[in-house]
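S.K.: Mind having a look at this structure? Questions to follow.
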Amino acid sequence: MWWSSGLRCPICGAATSKQSNSLFCHGTRRHCFDFSADGYVNLAASKATGGGDDATLIAARTAFLSGGHYEPFAARISELLRTYSKGSTVVDAGCGEGYYTCRLAGAGFQCYGFDLSKRGVRAAAKRATREGVDAFFAVAGIYTLPLQDASVDAVISLFAPVAEQEFLRVLKPGGILLVAGAGRNHLLSLKRVLYDQPHENEPRADLPVSMTELTHETLSFSMELKGKEIGSLFAMTPYYYRTSRQGQERLATCERLTCEAEMDIFIYQKP
């Protein structure tokens, strides 16, 4: 169990070890956390874990990503980690349903996946079992990761908030943070169907300020979507919750869509 040495108790901060189907901390209170039947464990600092992605979003993202539409993006993330990370231990901070975590685990990385959505983490653990990959999944917030200080080689933050100080804490000296988000023209063709006056995406405002930027790039590719694939893409975006009925009706009549994907990818290094 490669992952056991890097974990810490979310209650007292002590180291942990697995015994039978539970994690026990080495502190005086011996806090215990049971693994679920699906293979994940709840290590959230608070057990009120009703937040995070809802069932609709998780189902849509699972369906869309399983179709391989973001395969070029997943492959590029793996290539960049191979190039810039000095080790193989990776944290997927905000892992959702675990698509990217499992892809990296299948490529030989030792991956932790954390998300505050219990539904998402359950789906991620099931995906790992289904794909036969060794990845550790836990319910936990990205601002309170249940990891030892300076314990991992890389953190990835894909379409998720950047918890810079927490990432700095868990990264080893010289460790890598990979941040990726929507580029200016990401899904612009989808927005042209939904809105009368679609706007380009704004640059993200939460990039690290205490780390050294090693490189950044924009990855662009085209997707040919049809039928339910279009609806799944729509349902996994923020537009799903803020599109008028008229826009939704226009999309419902759309049988085919050529849509651009554009991701901005940044690599930072901890001093």
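The values are calculated or read from the model by the stated rules, or taken from the named source; none is laboratory data. Predicted model, so just to flag it, every value in this text is computed and none were measured. Cβ placement follows ideal geometry from the backbone for every residue including glycine, while neighbour counts extend to all protein chains displayed. In case anyone asks, the SASA skips ligands and DNA or RNA and just uses the protein heavy atoms, side chains included. Shrake-Rupley method; radii C 1.70, N 1.55, O 1.52, S 1.80 Å.
S.K.: Of the residues in the stretch 161-187, how many are open to solvent by less than 20 Å² (accessible area, probe 1.4 Å) and either over 24 Å from LEU81 (Cα atoms) or of a type in the set (Val, Ile, Thr) (or both)?
M.R.: 5
S.K.: Among what's in the stretch 89-105 and is over 11 Å from the mean Cα position of the chain (by Cα) and among the hydrophobic types (A, V, I, L, M, F, W, C), pick the residue that is nearest to ALA44 (Cα to Cα).
M.R.: VAL90
S.K.: For the stretch 120-130, state whether one or more residues are modelled with pLDDT of 95 or more, surrounded by 18 or more Cβ atoms within 10 Å (Cβ to Cβ) and either part of a loop (DSSP other than H, G, I, E, B) or over 15 Å from the mean Cα position of the chain (by Cα) (or both).
M.R.: no
S.K.: If you don't mind, there's one more thing I want to ask. Out of the residues in the stretch 204-239 that are under 18 Å from PHE73 (Cβ atoms) and in a loop (DSSP other than H, G, I, E, B), state the one that is farthest from the chain's Cα centre (by Cα).
M.R.: Residue satisfying both the conditions and the ranking: ARG204.
S.K.: Looking at (1) touching a residue at least 40 places away in the same chain (Cβ under 8 Å); (2) crowded, with 16+ Cβ neighbours inside 10 Å; (3) not in a helix (DSSP H, G or I), which is the only condition ASN201 fails?
M.R.: The failed condition is (1).
S.K.: For the stretch 246-260, does any single residue satisfy the condition of being part of a loop (DSSP other than H, G, I, E, B) and either free of Cβ contacts under 8 Å to residues at least 12 places away in the same chain or touching a strand residue (DSSP E or B) at 6+ places or on another chain (Cβ under 6 Å) (or both)? Before you say what the answer is, go through the steps one by one.
M.R.: Kept after step one, since they are part of a loop (DSSP other than H, G, I, E, B), are these residues of the stretch 246-260: 253-255.
Remaining after also requiring either free of Cβ contacts under 8 Å to residues at least 12 places away in the same chain or touching a strand residue (DSSP E or B) at 6+ places or on another chain (Cβ under 6 Å) (or both): 253.
Checking the stretch 246-260: at least one residue is part of a loop (DSSP other than H, G, I, E, B) and either free of Cβ contacts under 8 Å to residues at least 12 places away in the same chain or touching a strand residue (DSSP E or B) at 6+ places or on another chain (Cβ under 6 Å) (or both).
S.K.: While we're on this one: Of the conditions (1) over 16 Å from the mean Cα position of the chain (by Cα); (2) part of a loop (DSSP other than H, G, I, E, B); (3) modelled with pLDDT under 95; (4) not hydroxyl-bearing (Ser, Thr, Tyr), GLY108 satisfies every one except a single condition; which number is it?
M.R.: Among (1) over 16 Å from the mean Cα position of the chain (by Cα); (2) part of a loop (DSSP other than H, G, I, E, B); (3) modelled with pLDDT under 95; (4) not hydroxyl-bearing (Ser, Thr, Tyr), GLY108 violates only (3).
S.K.: Restricting attention to the stretch 54-79, and to residues there that are within 30 Å of THR215 (Cα to Cα) and among the charged types (D, E, K, R), which single residue is most open to solvent (accessible area, probe 1.4 Å)?
M.R.: Once the filter is applied, the top-ranked residue is GLU79.
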